[in-house]
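**Q** First the structure, then my questions, so here it is.
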Amino acid sequence: MKKVLFIDRDGTIILEPPVTFQIDSLELLEFYPGVISNLKKIVDDTDYELIMITNQDGLGTSSFPEETFWPAQNKMLRILEQEGIAFREIHIDKSFEHENLPTRKPGIGLLQHFLNGNYDLENSYVIGDRLSDVKLAENLGAKSIFIGEPHEAATFCTKSWEEIHEFLKNPARKASVQRKTSETEIQIEVNLDGSGKCSIDTGLPFFDHMLEQLGRHGGTDLSIQVKGDLHIDEHHTIEDTALALGEAYLKALGDKKGIYRYGFLLPMDDVLAQVAIDFGGRPWTVWDAEFKREKIGDMPTEMFFHFFKSFSDTAKCNLNIKAEGQNEHHKIEAIFKGLARAIKMAVAYDPKSKDQLPSTKGVL
């Protein structure tokens, strides 16, 4: 499916006059710093379609005659086109704010055809300098790039088009998953391109310690907050955490273009753990590890396989795990560390396969 950049005009592509807010003469036409060169890079480096969407208050009325609007508009478009920057569609709402028409941003009246299922709106962006642009993104089910001071409602905030280009070229692979059942309530946030920062609380300290290995040794920022029915037993907490965590990794990977896809490892003291992973889109788990103790810490050893199987199911990955050794604590910790390193290898970008899907089938 096609990805789209819905780009505002005034204050985003061109500078907005501070008093009138109308570019109604060629003398007022001035481009936002860095916009031309970086829009060109975005066109060259990404596969987004460009759509202009702008509110022009009262265009065509006596307060803003059309003959004062089009010379600057057309001049702007010619300059951009000469640099290889073309908008596939241009949408202009001419209403006043007080009219509250559905065609005016943040309304999506002019963009209804993008909801037909042919567009990947979840991975598309609205770029603009007003919170109405951020709201437009929310209404479309898209993400937002806010040109201005940091705002929690926006996906990414900056005043630099150079930073916008870098962000779109190499977007942070982040995901958030909420899972709520009658047995557990889980909130997970994952950043595959993080630094290993972890905030984990499942109510099971040893489980927390194992999950922390995924972040620390995988270079992944992990926030995992779980409220489970531990007054019954540990089963639901461990299983549902694995299901939500696998889903978060799958979402964070996005389209998987350019990744290595495979990974494996790891020795630890008396233990040799081999963990192979393939983010190929099909779940499968092979498990060859035995534990003689009923529990390690507060985690039942019978739940170890169940955790990795549940993770594989929702992450849609192959997992092949084998471990041998004497110390049971070392054995399971080596497996978690091995999974972390395997994931780190698999999700890393292959510089020789930029934007290519690592599959001869053409789909993962």
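**Q** With a 1.4 Å probe and every protein chain left in place, tell me how much accessible area Ile85 has, in Å² to the nearest 10.
**A** Counting only protein heavy atoms, Ile85 exposes about 0 Å² to solvent.
**Q** Another question, if that's okay. Distance between Cα centroids, region 28-68 to region 92-139: provide it in whole Å.
**A** 15
**Q** Please compute, for the alpha-carbon atoms of region 92-139, the extent along each of the three principal axes and give them in descending order in Å.
**A** Computed over the Cα atoms, the extents are 32, 22, 15 Å.
**Q** Here's something else I'd like to know. What is the percent carbon and sulfur in the accessible area of the chain, measuring with a 1.4 Å probe over the protein chains and ignoring ligands?
**A** Here carbon and sulfur together make up 50 percent of the probe-accessible area.
**Q** From the C-alpha gyration tensor of the chain, pull out the three semi-axes of the equivalent ellipsoid (sqrt of 5λ each), sorted largest to smallest, in whole Å.
**A** Semi-axes, largest first: 50, 21, 16 Å.
**Q** If you filter region 146-210 for GluC sites (Glu not before Pro), then keep DSSP loop positions with at most 10 other Cβ within 10 Å, what is left?
**A** Glu152
**Q** Of all the Cα-Cα pairs you can form in region 1-145, what percent are over 20 Å apart?
**A** 47
**Q** Another question about this same structure. Applying 1/(1 + (r/R0)^6) with R0 = 22 Å to the Cβ-Cβ distance of Asp270 and Lys295, what FRET efficiency is obtained, to the nearest 0.05?
**A** Efficiency at R0 = 22 Å is approximately 0.65.
**Q** Oh, and also: By a straight-distance test (C-alpha under 18 Å), which aspartates and glutamates pair with Lys75 as possible cross-link partners, with residues fewer than eight away in the same chain excluded?
**A** Reachable aspartates and glutamates: Asp8, Asp10, Glu16, Asp24, Glu27, Glu30, Glu66, Glu67, Glu83, Glu89.
**Q** Here is a further query. Which whole-number percent is the relative contact order of region 1-78 (Cα, under 8 Å, 6+ apart)?
**A** 42
**Q** Turning to a different aspect of this structure: Kirkwood Rh, region 80-197, all Cα pairs: how many Å?
**A** About 16.7 Å for region 80-197.
**Q** On to the next question. With the convex hull built on the Cα atoms of region 175-285, state its orientation-averaged projected area in nm².
**A** Average of the hull's projected areas for region 175-285 equals 7.9 nm².
**Q** Percent antiparallel among DSSP beta bridges with both residues in region 223-364, to the nearest 5?
**A** 75
**Q** Restricting to DSSP H runs of at least four residues, report the calculated mean residue ellipticity at 222 nm for the chain, -39500 (n - 2.57) per run over all residues, nearest 500 deg cm²/dmol.
**A** -10000 deg cm²/dmol
**Q** Only sites in a loop by DSSP and with at most 13 other Cβ atoms within 10 Å count here; which trypsin sites (Lys or Arg not before Pro) in region 22-129 make the cut?
**A** Sparse-neighbourhood loop trypsin sites (Lys or Arg not before Pro): Arg88.
**Q** Here's another thing I want to ask about it. Give, in nm to one decimal, the length gained when the segment between Leu357 and Gln112 is fully stretched (0.36 nm per residue of separation minus the Cα-Cα distance).
**A** Between Leu357 and Gln112, full extension yields an extra 85.2 nm.
**Q** Over 18 Å between C-alpha atoms is what I'm after, so list which of Lys2/Lys143; Lys174/Lys309; Lys2/Lys257; Lys292/Lys331 land there.
**A** In this structure, Lys174/Lys309 lie more than 18 Å apart at Cα.
**Q** For region 235-364, what number results from the quotient of the Cα radius of gyration and 2.2 N^0.38 Å?
**A** Compactness ratio reported: 1.09.
**Q** While we're looking at this one, here's another question. Please report the antiparallel percentage of the DSSP beta bridges confined to the chain, to the nearest 5.
**A** 50
**Q** Under the 0.36 nm per residue contour assumption, what length would be gained going from the current alpha-carbon distance of Ser160 and Glu27 to full extension?
**A** Extending this stretch completely gives an extra 45.5 nm.
**Q** Using the structure shown, select from Lys105/Lys361; Lys169/Lys322; Lys227/Lys344; Lys3/Lys135 the pairs with a Cα to Cα distance greater than 30 angstrom.
**A** Pairs exceeding 30 Å: Lys105/Lys361; Lys169/Lys322.
**Q** Counting only heavy atoms of protein chains, what accessible area per residue, in Å², does region 9-156 have with a probe of 1.4 Å?
**A** 49
**Q** Let me ask you something else. Between Ser176 and Ala86, how high is the FRET efficiency from 1/(1 + (r/R0)^6) when r is the Cβ-Cβ distance and R₀ = 35 Å? Nearest 0.05.
**A** The formula returns an efficiency of 0.50 here.
**Q** With every protein chain present, what is the per residue accessible area of region 179-248 (1.4 Å probe, Å²)?
**A** That works out to 41 Å² for each residue.
The values are calculated or read from the model by the stated rules, or taken from the named source; none is laboratory data. Fair warning: this is a prediction, and the values are worked out from it, not measured in the lab. Note: ideal-geometry Cβ built from the backbone for every residue, glycine included; neighbour counts use all protein chains shown. The accessibility values were calculated without ligands, DNA or RNA, using every heavy atom of the protein model including side chains. Shrake-Rupley method; radii C 1.70, N 1.55, O 1.52, S 1.80 Å.
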